[in-house]
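The structure appears right after this line, and notes come after that.
Throughout, read-outs are computed from the coordinates displayed, never taken from laboratory work. Since the structure is predicted, the reported quantities are computational estimates derived from the model, not experimental observations. Cβ placement follows ideal geometry from the backbone for every residue including glycine, while neighbour counts extend to all protein chains displayed.
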Amino acid sequence: MLTINLFNGLVYGALLIVMCSGLALIYGLRRVVNFAHGSLYMLGAYLGYSIAMRSNFWVALVAVPAIMALLGVLLDRYGFRLLQDREPLTVVLVTFGLLLIIEDFVQTVWGKSNLSVPAPAALSTSIDLFGTPVPAYRLAVIAVGAGVALGLSLWLKYSKVGLFVRAASTDPTTTAMQGVNTDALSAGVVGLGTALAGLAGVVSAPFLSLSPAMSSDVIIDSFVVVVIGGLGSLSGAFAAAMVLGMVQAIGAVYLPDAAVLLPFVLMVAILIWKPAGFAGSRT
């Protein structure tokens, strides 16, 4: 029982890595706390459902991030760029309004009933893991999370664009003075962050039920991850996602009545210990 729960904790942690990477990237450059990120994840899941039902899961896995990336660029141009220097309350109200618009759109198009997406045939089997059979698809989710973490880390560390992203997240004014188009850079990063939210939605669809409430289910954990990892820090978000996934898995076994509270207890404990989170606020 504990082994299965720990495995499920790894799966959920991997999903949070994909989800929270986009949230951390967007905050790192735009300094906008995007309360609509969970609804973008939900929209990605529902778009994946529609595409998978008309074609197949693999097409949805490629098409949805591309669609969401375009949506992210538009959001940056007509939303986040304008909110960058606004009061925090304004940012909260606008992004929360965007959340409500997307949720209403999803309910209008797909309805309020729970939906499900079957796992692709190639990943519908079970694999023996240390004597315990586990679904192959969930192992694939862990692989996706690890791939996103590794890919983003290498991109930020070794690519020229990644260097610009790190510089702009630290000092956008000086970076712009060096000839970097920070608006175009930020649009690309917001597009990437939104694409990752869509990817998380598609990946989650075969093992989590699709419902209009799914955005609120994951966005709370996502914010907990971003806060305890360090606002804007990808490495901190990666570590915090896995810690939170494992805490919830262990809590479900030993403290089932308090499992819902554990993420918040963890957040308070971490912030008392390290007020800036695991990795501060650096990307």
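Quick check: residue separation of Leu129 and Leu255 times 0.36 nm, minus the Cα distance between them. What number comes out in nm? Mind showing how you got there, number by number?
Numbers: separation 126, 0.36 × 126 = 45.36 nm, distance 2.54 nm.
Gain on stretching Leu129 to Leu255: 42.8 nm.
Work out from phi, with θ = phi - 60° and the Karplus expression 6.51 cos²θ - 1.76 cosθ + 1.60, the ³J(HN,Hα) of each residue of segment 61-73, listed in order in whole Hz, and give x for Gly and Pro.
Those phi angles translate into 5, 8, 6, 5, x, 5, 5, 5, 4, 4, 4, x, 4 Hz.
Find the percent of Cα-Cα distances in segment 29-149 that exceed 25 Å, and round it to a whole number. All intermediate terms of the calculation are to be shown ahead of the outcome.
Details: 2874 of 7260 pairs.
Percentage above 25 Å: 40.
Among Thr3, Gly162, Met19, which residue has its Cα furthest toward the positive end of the charge dipole of segment 2-273, with +1 on Lys/Arg Cβ and -1 on Asp/Glu Cβ?
Going by the Cα projections, it comes out as Gly162.
Helix-derived [θ] at 222 nm for the chain: sum -39500 (n - 2.57) over DSSP H runs of at least 4, divide by residue count, nearest 500? Don't skip to the end; give the middle numbers.
Details: 11 runs with 201 residues, N = 283.
The helix-only estimate for the chain comes to -24000 deg cm²/dmol at 222 nm.
Fully extended, how many nm does the chain gain between Ala136 and Lys112 (0.36 nm per residue separation, minus their Cα-Cα distance)?
Working: separation 24, 0.36 × 24 = 8.64 nm, distance 2.95 nm.
Result: 5.7 nm gained on full extension.
Between Ala143 and Ile101, 0.36 nm times their residue separation minus their Cα-Cα distance comes to what?
On the way: separation 42, 0.36 × 42 = 15.12 nm, distance 3.27 nm.
So the chain would gain 11.8 nm between Ala143 and Ile101.
Nearest 0.05, what FRET efficiency do Ala121 and Ser159 give at R0 = 35 Å with Cβ-Cβ as r? Numbers along the way, then the final one.
On the way: r = 36 Å, r/R0 = 1.02.
Taking R0 as 35 Å, the efficiency between Ala121 and Ser159 is 0.45.
Can you give me the Kirkwood hydrodynamic radius for segment 62-107, using every pair of distinct Cα atoms, in Å to one decimal?
Working: mean 1/r = 0.0854 Å⁻¹.
After inverting the pairwise mean of 1/r, the radius is 11.7 Å.
Counting pairwise Cα distances across segment 2-273, what percent come out greater than 29 angstrom?
That fraction is 31 percent.
Please identify which residues in segment 26-45 have an amide N closer than 16 Å to a label point set 7 Å out from the Cα of Arg86, following the Cα→Cβ vector.
In segment 26-45, the label zone of Arg86 (backbone N under 16 Å from the point 7 Å along Cα→Cβ) covers 27, 30-37.
Note down the net charge around Gly79, summing +1 for each Lys or Arg and -1 for each Asp or Glu among other residues with Cβ under 14 Å from its Cβ. Show your work: numbers first, answer last.
Values: positive: Arg30, Arg31, Arg77, Arg81, Arg86; negative: Asp76, Asp85, Asp183.
My count for the surroundings of Gly79 gives +2.
In nm, to one decimal, how far is the Ile4 label point from the Ala176 one, both placed 7 Å along Cα→Cβ?
Simple spin-label model gives 5.5 nm for this pair.
In sequence order, what are the phi-derived ³J(HN,Hα) couplings for segment 101-107 according to the Karplus relation 6.51 cos²θ - 1.76 cosθ + 1.60 with θ = phi - 60°, rounded to whole Hz, with x for glycine and proline?
4, 5, 4, 5, 4, 4, 5
For segment 155-283, which semi-axes, largest first and in whole Å, follow from the square roots of 5 times the eigenvalues of its Cα gyration tensor?
On the way: eigenvalues 199, 76, 23 Å².
Three semi-axes, in Å: 32, 19, 11.
Per residue of segment 178-193, what does 6.51 cos²θ - 1.76 cosθ + 1.60 with θ = phi - 60° give for ³J(HN,Hα)? Whole Hz please, x for Gly and Pro, Karplus curve as stated.
7, x, 7, 7, 5, 5, 5, 4, 5, 4, x, 5, 5, x, 5, x
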